Amino acid sequence: MLNSRAAQIQERDVERSTRAKVLISLAGPAAGFCFAGLVGIAAMLAGAKILLGFRMFVIPTVSAYLLPPYVSPAHVYHWNVLLNDLLFVNFYWGLMNLLPVYPLDGGQAARALFEHGHSFRGRRRSLVLSAGVGAAVALFGAVERNTYVVFLFGILAAASVQMLGAERQLFTPRPYREWRR
């Protein structure tokens with residue numbers, strides 16, 4: 001019974017269109033961005049100052065400071081921490097999740113788009129892109145001295161390279177002499 005249910009789920013996954021796969025992959029980060037927007041709107045209605053900017057001319061930054069009138073900053077410290085943590089988690093994790101690194105949501109979407117044209121070459125191209133972007137982000141993390149980013153994206157890049165190697169071994173042509181065995 002369990003195997004037939006798993007087979008049904010797998011068949012439905014195969015039958016999904018490229019558009020559906022991309023939309024499903026991007027739904028999670030979109031929900032995070034919507035929640036970050038709601039947090040930002042609620043913070044602005046409460047009198048917070050939202051600061052937007054760019055770090056190294058590439059990475060957008062978002063921070064908020066709640067300073068109600070006639071209240072000392074010491075009393076609103078925890079509210080500021082909560083507000084900035086909610087913005088950070090929902091905004092930056094959404095951005096990180098959109099990177100075309102497999103198995104993140106951006107990697108899933110990139111794989112669906114690449115496989116739309118040609119299933120085998122598309123999968124290989126998506127893994128090459130995943131390994132390259134993962135290595136680049138790991139290098140960026142090393143420049144920024146962020147060990148979490150270095151390890152996370154270094155492992156994801158290495159996993160993409162391993163999957164690429166497994167794909168090559170699976171589909172390498174054998175010489176004619178080995179066909180008879």
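No value in this document is a laboratory result; all are computed from the given coordinates. As the structure is a computational prediction, the values presented were derived from the model and not from experiment. Heads up, the Cβs are rebuilt from the backbone with ideal geometry, glycines too, and the neighbour counts pull from every protein chain shown.
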Pseudo-spin-label distance Ser63 to Ala158, built 7 Å along Cα→Cβ, given in nm, is 3.4 nm
Calculate the FRET efficiency for Phe33 and His78 from the Cβ-Cβ distance with a Förster distance of 22 Å, rounded to the nearest 0.05. 0.30
Take the alpha-carbon centre of segment 92-127, take the same for segment 28-56, and report the distance between them in whole Å. 27 Å
Separation of the Leu45 and Arg19 label points, Cα + 7 Å toward Cβ, nm: 3.5 nm
